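The values are calculated or read from the model by the stated rules, or taken from the named source; none is laboratory data. All figures in this text were calculated on a predicted structure; none of them were measured in a lab. Neighbour counts are summed over all protein chains in view; Cβ atoms, including those assigned to glycine, are modelled from backbone coordinates with ideal geometry.
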Amino acid sequence: MAYIKRDIEATILELSRSYSALILTGPRQVGKTTALQKIAARDRKYITLDDIEARRLAQTDPELFLSLNPVPLLIDEVQYAPELFSYIKISVDKGAAAGSFWITGSQTFSLMRLAQESLAGRVAILRMSGLSQREIYGQADTGPFTLSLPDLQKRALSGSPTDTLGQYERIWRGSMPALISGKHSNRDVFYGSFLQSYIQRDIGDMMARVDSLQFADFLRAAACRAGQTLNVHDIAGDVGVTDDTAKRWLMMLEKSGVIFYLRPYSNNLLKRTVKHPKMYFFDTGLVAYLAKYSTPEILMNGAINGSILENYVTSEIIKSYENKGLDVNMHYYRDRDGKEIDVVLEEGGRLHPIEIKKTASPKPEIAGAFKVLDNSQIPRGAGAVICTKRELSAIDRATTIVPAWVI
């Protein structure tokens, strides 16, 4: 089993030179602890609060816990002992050295709230997803995704080209390190165990009395709508729960880092835009598993082939920013006149429209809706059609054709 180097490693080390505490959040099994242990100095002690005795001590006597585990320290699954945060704050305020505390947890929103309550301004917070396409198949860390032509050419030179089926093989495989590295070879067994652990532990910790079988059905119903405008009522109806229950469960999926949303882009000059977000999963392998696509070929020709490609591309763009500790300002556009843009990336003071299509031969009319952004208060920049074409190309000077493998 080979370790796959993570692009976020350099960001962790850089921030650890100026912050006493660093929090690394992200869903279960995306490789947070493995990455931190890989780059940790030999004198950094590791302790996990999955260990019941360690958890009990951290909860009942956090001061003694920290005394017995001196810095530099790596604490895993810290959400189980929120009592620690006040004492970490005391240590930081007393002048703890840079890099003293590395903290991880798989309940993203809970950790963010605890950090804001106790360590505001004192902690660096990073989010980690599964492996990016570039980490798995590329040859270099090229930084955040932009639509500048030199950046795209650099990405193309260091990427790994593939055809349409090859792209869907990447989508189907997903991004979980344990699968990609070869630690686990049976994909179905892995995802089945992942779901069982996720529902029993993460969901069980956040919400009592959840029917595990019904929640699994809910996850499947959501997965079949990945990359689409959120319709809570339809998902609830598929599972037989109320809309309010579906909203609560979606909130749990978001809080634990399984799904994310793109909000619709609008401003005072664009008044006819829709209001509902679009929902995506961070791991398309999980989507394919839940939606019961047993091979990449079936997925490539299946009902969700367009939406899952959009999901994949969108999550890859986000990962390229996360790995540098940066926020990304992304939306989608849809108005009541039927004009739609899959992604609107705000970068460099401009709005960059992006369409995501399965085709390998995009037609110019695919970019027809881009001009609607000319009515915005922010100027429109370069646009792109991201698709399954093998080579970097262009529709015109304003619109690049970007192969999905380039991201």
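Which residues, taken from the range 101-154, are among the hydroxyl-bearing types (S, T, Y) and within 30 Å of S86 (Cα to Cα)? Working first, answer last.
Filtering the range 101-154 down to residues among the hydroxyl-bearing types (S, T, Y) leaves 104, 106, 108, 110, 118, 129, 132, 137, 142, 146, 148.
If the condition is that a residue be among the hydroxyl-bearing types (S, T, Y) and within 30 Å of S86 (Cα to Cα), then T104, S106, T108, S110, S118, S129 are the ones that fit.
Residues that are part of a helix (DSSP H, G or I) and in contact with a helix residue (DSSP H, G or I) (Cβ under 8 Å, 6 or more places away or on another chain) were ranked within the range 127-157; the one that is nearest to Y3 (Cα to Cα) is I136. Total residues in the range 293-334 satisfying the condition of being hydrophobic (A, V, I, L, M, F, W, C), within 28 Å of S266 (Cβ to Cβ) and not in a loop (DSSP other than H, G, I, E, B): the figure is 6. Mind checking which residues of the range 158-212 are basic (K, R), farther than 20 Å from A35 by Cβ and in a helix (DSSP H, G or I)? The answer is R170, R187, R201. Restricted to the range 22-47, and to residues there that are under 24 Å from I199 (Cα atoms) and small (G, A, S), the residue that is modelled with the highest pLDDT is G31.
Could you please let me know if K183 is basic (K, R), surrounded by fewer than 16 Cβ atoms within 10 Å (Cβ to Cβ) and closer than 25 Å to T295 by Cα?
Working: basic (K, R): yes; surrounded by fewer than 16 Cβ atoms within 10 Å (Cβ to Cβ): yes; closer than 25 Å to T295 by Cα: yes.
It is true that K183 is basic (K, R), surrounded by fewer than 16 Cβ atoms within 10 Å (Cβ to Cβ) and closer than 25 Å to T295 by Cα.
Considering the range 51-88, the residues that are among the acidic types (D, E), in contact with a helix residue (DSSP H, G or I) (Cβ under 6 Å, 6 or more places away or on another chain) and under 20 Å from S110 (Cα atoms) include one that is surrounded by the most Cβ atoms within 10 Å (Cβ to Cβ), namely D76. When the range 87-132 is filtered for residues that are over 30 Å from I180 (Cβ atoms) and modelled with pLDDT under 85, the ones remaining, listed by number, are R113, L114, Q116, E117, S118, L119, A120, G121. When S294, S320 are screened for being surrounded by fewer than 24 Cβ atoms within 10 Å (Cβ to Cβ) and either in contact with a His (Cβ under 9 Å, 6 or more places away or on another chain) or more than 21 Å from T25 (Cβ to Cβ) (or both), only S294 passes. Show the residue pairs meeting these rules: Cβ distance below 6 Å; 6+ apart or different chains; first residue within the range 323-337 and farther than 24 Å from L36 by Cα; second residue assigned to a loop (DSSP other than H, G, I, E, B). These pairs meet every condition: H331/Y265; Y333/Y265; R334/V274; D335/R272; R336/R272.
Of these, A208, A221, which one is within 26 Å of A303 (Cβ to Cβ) and either more than 19 Å from the chain's Cα centre (by Cα) or at pLDDT below 95 (or both)? Spell out how you get there, then give the answer.
Numbers: A208 fails: within 26 Å of A303 (Cβ to Cβ).
The match here is A221.
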